[in-house]
Amino acid sequence: DAGQAAFDRIIAADSRIEPRDWMPAAYRKTLVRQISQHAHSEIVGMQPEANWISRAPSLKRKAILMAKVQDEAGHGLYLYSAAETLGTPRQQLTEDLIAGKARYSSIFNYPTRSWADVGAIGWLVDGAAICNQVPLCRASYGPYGRAMVRICKEESFHQRQGFEILLELAQGTPEQKQMAQDAVNRWYAPALMMFGPPDDDSPNSKQSMAWNIKRFSNDELRQRFVGMMVEQVEVLGLTLPDDQVRFDEESQKWEHGPLDWDEFKEVLAGRGPCNAQRLERRREAHEDGAWVREAAAAYALRQRNAQEQNEEVA
Amino acid sequence: DAGQAAFDRIIAADSRIEPRDWMPAAYRKTLVRQISQHAHSEIVGMQPEANWISRAPSLKRKAILMAKVQDEAGHGLYLYSAAETLGTPRQQLTEDLIAGKARYSSIFNYPTRSWADVGAIGWLVDGAAICNQVPLCRASYGPYGRAMVRICKEESFHQRQGFEILLELAQGTPEQKQMAQDAVNRWYAPALMMFGPPDDDSPNSKQSMAWNIKRFSNDELRQRFVGMMVEQVEVLGLTLPDDQVRFDEESQKWEHGPLDWDEFKEVLAGRGPCNAQRLERRREAHEDGAWVREAAAAYALRQRNAQEQNEEVA
Amino acid sequence: SEDIAEYALRLGDDGLILAQRLGWWISRAPELEEDVALGNIALDQLGHARSFLSYAAGAWDKTEDDLAYWRGENEFRCAQLFEQPNGDFARTIARQLIVSVYQFELYRRLQDSSDPTLAAIAAKAVKEVDYHRDHASQWVLRLALGTEESRRRMIEGLKLSWPHLEELFDQDELYARLGTVAVPPSSFRADFDAFIAAVLSEAELELPQLPQLPRASGGGRRGEHSEHLGYLLAEMQVLAREHPGASW
Amino acid sequence: SEDIAEYALRLGDDGLILAQRLGWWISRAPELEEDVALGNIALDQLGHARSFLSYAAGAWDKTEDDLAYWRGENEFRCAQLFEQPNGDFARTIARQLIVSVYQFELYRRLQDSSDPTLAAIAAKAVKEVDYHRDHASQWVLRLALGTEESRRRMIEGLKLSWPHLEELFDQDELYARLGTVAVPPSSFRADFDAFIAAVLSEAELELPQLPQLPRASGGGRRGEHSEHLGYLLAEMQVLAREHPGASW
């Protein structure tokens, strides 16, 4: 029909779908799932880093970390707004999250055991996020693409800050250097797995690529990321916990050692070290805040009624 | 009448009134007030010391402190039981306390600012309590006197432990010694005021003495206490913050400098540094525990019903 | 001078300890917008604190981090209100109301300090604190006039904060020594009271007629703190102190 | 030997960290009787910890306090269940149920250890832990069968504790090296399961069919802890570390 044809034309022209445009139900569903997962990841992802706000070892680092975690709340807000343009209200998405029905990036189910983890998250996790997200700035759905543009700008800032934290540690005392290396050891593999399962085990990727939501395959992005990290880890004076990293001259691609996809699936299925804790904290914040949101709503209604009465009188 | 006559005989013989004996309403009321204030003091008094359980600087001290604060809960239990023999249930007394209607020893409205305060409370506050309480072991009301016997035994243990804490600090590093002296400086005057207002400003004392509840006047006990402290502070190698302490040869009594009874009244009236905090914490524990007490009551009822049914069947 | 450093230390510690308290809310606020808003306020307070502490540190040839991480509890100079626990959202808002009205009136006048550094810090801070004051006032209205429960909690929050108000206006001999460098709190007590009264009146709340703590107890400026500060510092300083001499 | 010390360290840290958690309840329990009861349990656990840690400390020429106050987070060897937050009373009781059944079965067997010191500590501890187990079981019944709310909370408490259960039964190569000195947890898994099942059944509760954490995460015995332990240690160690070399 006409809607589908228009949609197809826009996709073929690599142009943008906007909220009022007709779109296939599956396209809408895919986007809601992807955008809300992304939003949830920002929100849950605040926790492992917020864990070090109160203990940040210098006031400068404390300020940078506070700003970063706060930025993530902001990213969550943009993304929930983008999801709302597709007809799914934030409240529903939030309730799915705290009911354990929605997914978020599995990497946030690992604990931040030391201050260096804040650096490793910035460098590796935000680094991987950027690799994933830069192509999403050109996603065919307008509000999503535009949200990604804002987010990516801030993320690259965050990655740089993470790198600086690690650099300072790597050049510090032996304990600090050990702390940094240990954090890199723990976050490297989970970061690589952030790109999702290998291409031959990623059934939805093809459709997303056809719709111009996804632009590169999981493995392509992962390889690109490994290459970047290899360069940067040298500057840090640290090592990646992977002795099979190498540039393959033939394919002109970076290769890496095997990843533990069983662990990935375990964590995804709720059996990671912090899954229960992360959800509990989100649930607690939501439930403890219910009376505040109710008060704000009641007050807004009261103000609206007062205004209407004033207008009637006038 | 006969009841009054019997009561008077018992008092005159310095013998004991028991729960089933007739007693004047005013005697009963005075006792309930005094015993419950004492019970509340044990309960509220747990807080300033509990403040250091988690941070006690050695495991031995942690164990001793835990045991001490726990003993205070036990003292509260004995005393509430004694009050209950006079017909006032614990629940009512607790509700009066958290509603801010009941009094407790004013000294627990001062903060414990350092570890040395745990020592100072043991030495000075428990020391003053013992001076007050030893004569109460002979109080005319049986259950009260017997509760005091148990309590005094434990209190003198506690005082000794407090003394040991201060001694260790006074013989420690300069910072530790300073910490100890500072704590003694802050707790000395409030401890002296624990004996209550000067005799010429203590209207109820006379009646209590006639009833053989009170055995010595406030000033008598205070003077005796000062004398003890003078001896002990020397052993500690610390000083009392009172340059007017002296033994008066003429009266054969210890004298001390003036006390700030305005501050005493302020704190008693709820305007001490921690009054609000102490009551809030008690209220919180009570309210947060309501569902637990309800569950225990419901379960007990269920068990009783089940037992009765069993008996009927049998 | 040492006196100016002492004054900067007080203002800096107020901001630092408040930032440490407010930072807790980030990732725990009642709605995402408040994660952002409270995060902003915390960041502003931390920013002011860093300026004041760096200035103070200069007088003793130290750094802001020396002061933040290596002082003991009795060397901190914040008023006790700033170290009070967050409690629920209403208690945090009650604290924010008092604090931000106080800081606004203080910084507004400190812009005219005869000390150019203090004047410059205040000129920047006052704009931010103006927003904090608005944020707190708006929430007091919402909570006081929202639902029955929110009103009850707002009143409770005010009750718990009020006893710490009077200490903010303690005026010791430092002010006389500092003359036009500092802003004696008595100079803005009337404006403070008026603003608070206006907010509470719009919120249909009584001015909490609570007993104030006696002066004797409000010793934050002399290093005498409530039982809460020690825990806060233990957490804030733990990592820095585990690695003496390290840089981050 | 170092292996025995390592084993004693594990048991000692379990007790120490649990005592630190339970100590919080003293002055905050739902009724006075529980201030006393939880205080008793905390004291018992602290007592066991001191025995185990003193024994371990001997191997490195240290004291119990050296171990308690001067180790970093990754040198602690408690299983992660012990460091989990108290939460509400039901969550504390859920943790107590698992912990005390576990410790009872363990200490019961450890009485026969070929190491006489461990055997003696266990012989004393097992009697006390028997009471802890009874205390927890009774409360599970009361809460599960009490009111609707207490039942809901009891179930929630079990849910939050259950994911940390499996780690208690991790059996690494240390056990093989220690032989008859130690009690491999597999040796009492069946008795543990049976006791828990009996309590839950009497409480009319399902055995929480919750996903267990993968082994990879339960690394307390290797010094890999949950995010909670750092805060606990910061508080526990703060005063001792502020005064290096002092005695108390």
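The values are calculated or read from the model by the stated rules, or taken from the named source; none is laboratory data. Quantities reported herein were computed from a predicted structural model and do not represent experimental measurements. Glycine also receives a Cβ, built like all others from the backbone with ideal geometry; neighbour counts cover every protein chain displayed. Heavy atoms of the whole protein, side chains included, go into the accessibility calculation; ligands, DNA and RNA do not. Shrake-Rupley method; radii C 1.70, N 1.55, O 1.52, S 1.80 Å.
Given a 1.4 Å probe and no ligands, DNA or RNA in the count, how much accessible surface is buried by D and B, both sides, to the nearest 100 Å²?
In total, this chain pair buries about 4000 Å².
Using the Cα centre of the stretch B:1-134 as origin and beta-carbon charges of +1 (Lys, Arg) and -1 (Asp, Glu), tell me which of B:36, B:89, B:130 is placed farthest towards the positive end of the dipole.
My answer, from the dipole projection, is B:130.
Starting at the first residue of the stretch C:173-186, write each ³J(HN,Hα) from the Karplus equation 6.51 cos²θ - 1.76 cosθ + 1.60 with θ = phi - 60°, in whole Hz, x for Gly and Pro.
5, 4, 5, 4, 5, 7, x, 7, 6, 10, 10, x, x, 4
If you build the convex hull over the alpha carbons only and average its shadow over all orientations, what do you get for chain B? Give it in nm² to one decimal.
Numbers: hull surface 83.3 nm².
For the Cα atoms of chain B, the hull's average projected area reads 20.8 nm².
Among B:75, B:38, B:286, which one shows the biggest mean-square fluctuation in a GNM of chain B, springs joining Cα atoms closer than 10 Å?
Most flexible of the set in this elastic network: B:286.
What is the stretch C:53-140's relative contact order, in percent, from Cα pairs under 8 angstrom and six or more apart in sequence?
On the way: 59 pairs, mean separation 22.4, N = 88.
The normalised contact order for the stretch C:53-140 reaches 25 percent.
Taking each residue of B:294-304 in turn, how many C-beta atoms of other protein chains fall within 10 Å of its C-beta, and what is the average? Please list the in-between numbers first.
Details: counts 5, 17, 11, 3, 6, 10, 2, 1, 4, 3, 0.
For this peptide, the per-residue mean of nearby foreign Cβ atoms is 6.
Whole number please: convex hull volume per residue of the Cα set in the stretch A:113-159, in Å³?
On the way: hull volume 2.8 nm³, N = 47.
Given the Cα convex hull of the stretch A:113-159, per-residue volume reads 61 Å³.
Given H placed on each backbone N at 1.01 Å, which residues far from residue B:253 in sequence or on other chains put an amide H within less than 5 Å of it?
B:248
If the viscosity is 1.002 mPa s and the temperature 20 °C, what Stokes-Einstein diffusion coefficient in µm²/s follows for the protein assembly as shown when Rh is the Kirkwood radius over Cα pairs? List each step's numbers first, then the result.
Values: Rh = 32.6 Å.
Result for D is 66 µm²/s.
Ranked from highest to lowest mean number of other Cβ atoms within 10 Å per residue, what is the order of the peptides B:153-164, B:186-197? Write out the running numbers ahead of the final one.
Details: B:153-164: 18.5, B:186-197: 21.8.
Most protected by this proxy first, the peptides run B:186-197, B:153-164.
Could you give, in nm with one decimal, how far residue B:149 is from each other copy of that position, shortest first, with labels 7 Å out from Cα toward Cβ?
With the label placed 7 Å along Cα→Cβ, residue B:149 yields 8.8 nm.
Write out the trypsin sites (Lys or Arg not before Pro) in the stretch B:1-62 meeting two conditions: DSSP loop, and at most 16 other Cβ atoms within 10 Å of their Cβ. Mind dumping the intermediate values first?
Details: sites: B:9, B:16, B:20, B:28, B:29, B:33, B:55, B:60, B:61, B:62; in loops: B:16, B:20, B:55.
Listed in order of number, the matching sites are B:20.
I'd like the orientation of helix B:290-313 relative to chain B: the angle between its Cα long axis and the longest Cα principal axis, in ° from 0 to 90, rounded to 10.
30
Taking H as built 1.01 Å from N, whose amide H comes closer than 5 Å to the amide H of residue A:141, not counting residues under 5 places away?
Distant-sequence amide H within range of residue A:141: A:17.
Counting each pair of different Cα atoms once, what's the Kirkwood radius of the stretch A:166-227 in Å, rounded to one decimal? Before the final figure, lay out the partial values.
Details: mean 1/r = 0.0730 Å⁻¹.
Across the stretch A:166-227, the inverse of the average 1/r is 13.7 Å.
Under the classification rounded if a/c is under 1.5, otherwise prolate if a/b is larger than b/c and oblate if not, where does the stretch B:248-314 fall, given a ≥ b ≥ c as square roots of the Cα gyration tensor eigenvalues? Provide the component values of the computation, followed by the final result.
Numbers: a/c = 8.19, a/b = 2.57, b/c = 3.18.
Oblate, because a/c is 1.5 or more while a/b does not exceed b/c.
Given an 8 Å cut-off on Cα distances and at least 6 residues of separation, report the relative contact order of chain A as a percent. Present the calculation step by step, with values, prior to reporting the outcome.
Working: 356 pairs, mean separation 56.5, N = 314.
Here the relative contact order equals 18 percent.
Considering every residue in D:162-169, what mean count of other chain Cβ atoms within 10 Å of its Cβ is obtained?
Details: counts 1, 8, 1, 0, 0, 0, 0, 0.
Per-residue shielding by partner chains comes out at 1.
Once the convex hull of the alpha carbons of the stretch B:161-314 is built, what does its volume come to per residue, in cubic angstrom?
Numbers: hull volume 37.4 nm³, N = 154.
Looking at the stretch B:161-314, the number lands at 243 Å³ per residue.
Calculate, axis by axis, the spread of Cα positions in the stretch D:104-248 along the three principal axes, and write the results as whole Å, longest axis first.
Here the Cα extents, ordered largest to smallest, are 53, 40, 33 Å.
Within a 10 angstrom radius of each residue's Cβ in D:138-146, how many Cβ atoms of other chains show up on average? Whole number is fine.
Rounded to a whole number, the mean comes out at 5.
Compute the signed sum of charges (Lys and Arg +1, Asp and Glu -1) over the other residues within less than 11 Å, Cβ to Cβ, of residue D:200.
Values: positive: none; negative: D:193, D:202, D:204, D:206.
Net charge around residue D:200: -4.
Taking the 0 to 90 degree range and rounding to the nearest ten, how far is the long axis of helix A:174-193 tilted relative to the main principal axis of chain A, both from C-alpha atoms?
Result, in degrees: 60.
Could you pull out which residues in the stretch D:156-184 have an amide N less than 13 Å from a spot 7 Å beyond the Cα of residue A:287, following the Cα-Cβ vector?
Zone members listed by number: D:156-160.
If you count only protein heavy atoms with a 1.4 Å probe, what accessible area per residue comes out for chain C, rounded to a whole Å²?
35
Identify which of C:133, C:71, C:153 has the largest mean-square fluctuation in a Gaussian network model of chain C, with springs joining Cα atoms closer than 10 Å.
In this elastic network of chain C, the residue with the biggest mean-square fluctuation among C:133, C:71, C:153 is C:71.
I need the phi-derived Karplus couplings for the stretch A:100-106: 6.51 cos²θ - 1.76 cosθ + 1.60, θ = phi - 60°, integer Hz, Gly and Pro marked x.
x, 8, 9, 9, 8, 4, 4
Each residue of the stretch A:60-66 in order: what ³J(HN,Hα) in whole Hz does its phi give by Karplus 6.51 cos²θ - 1.76 cosθ + 1.60, θ = phi - 60°, with x for Gly and Pro?
The phi angles translate into 4, 5, 4, 5, 5, 5, 4 Hz.
On C-alpha positions alone, give me the angle between the axis of helix B:2-12 and the longest principal axis of chain B, in degrees, nearest 10.
Tilt of helix B:2-12: around 30 degrees.
Rg/Rh for the stretch A:47-122: what does it come to with C-alpha atoms and Rh from Kirkwood? Before the final figure, lay out each step's value.
Details: Rg = 14.8 Å, Rh = 14.1 Å.
Taking Rh as the inverse mean 1/r over Cα pairs, Rg/Rh reads 1.05.
Go ahead and estimate [θ] at 222 nm for chain C from helices alone: -39,500 (n - 2.57) per DSSP H run with n ≥ 4, summed, over the residue count, rounded to 500. List each step's numbers first, then the result.
Numbers: 10 runs with 160 residues, N = 248.
Mean residue ellipticity, 222 nm, calculated: -21500 deg cm²/dmol.
Cα gyration tensor of the stretch C:120-191, axes a ≥ b ≥ c as square roots of the eigenvalues: rounded (a/c below 1.5), prolate (a/b > b/c) or oblate? Could the numbers behind the result be given before it?
Values: a/c = 4.09, a/b = 1.81, b/c = 2.26.
Here the stretch C:120-191 falls in the oblate category.
Using a/c under 1.5 as the rounded threshold, could you call the stretch B:238-284 rounded, prolate or oblate? The axes a ≥ b ≥ c are square roots of the C-alpha gyration tensor eigenvalues, and prolate needs a/b larger than b/c, oblate otherwise.
Values: a/c = 3.58, a/b = 2.89, b/c = 1.24.
Taking the square roots of the gyration eigenvalues as a ≥ b ≥ c, the stretch B:238-284 is prolate.
Of the DSSP beta bridges with both residues in the protein assembly as shown, give the percent that are antiparallel, rounding to the nearest 5.
Working: 6 of 8 bridges.
The answer is about 75 percent antiparallel.
Would you look at the GNM of chain C, springs on alpha carbons closer than 10 Å, and say which of C:163, C:85, C:116 moves the most?
C:116
Apply the Kirkwood formula to the stretch D:1-149: the hydrodynamic radius equals the inverse of the mean of 1/r over all pairs of different alpha-carbon atoms; give it in Å with one decimal. Before the final figure, lay out each step's value.
Working: mean 1/r = 0.0634 Å⁻¹.
15.8 Å is the Kirkwood radius here.
Using amide H atoms built in the peptide plane, which far-off residues or other-chain residues are under 5 Å from residue A:112 H to H?
none
As a quick test, which of the pairs B:206/B:253; B:101/D:127; A:60/B:177 have an alpha carbon distance above 32 angstrom in this structure? Present the calculation step by step, with values, prior to reporting the outcome.
Numbers: B:206/B:253 21 Å; B:101/D:127 43 Å; A:60/B:177 36 Å.
Among B:206/B:253; B:101/D:127; A:60/B:177, the Cα-Cα distance tops 32 Å for B:101/D:127; A:60/B:177.
If you take the Cα Rg of the stretch A:84-201 and divide it by 2.2 N^0.38 Å, with N the number of residues, what do you get? Mind dumping the intermediate values first?
Working: Rg = 16.7 Å, N = 118, 2.2 N^0.38 = 13.5 Å.
Compactness ratio reported: 1.24.
Using only alpha carbon pairs under 8 Å that are at least six residues apart, calculate the relative contact order of chain C and give it in whole percent. Working shown, then result.
Details: 323 pairs, mean separation 61.7, N = 248.
With pairs under 8 Å counted, the relative contact order is 25 percent.
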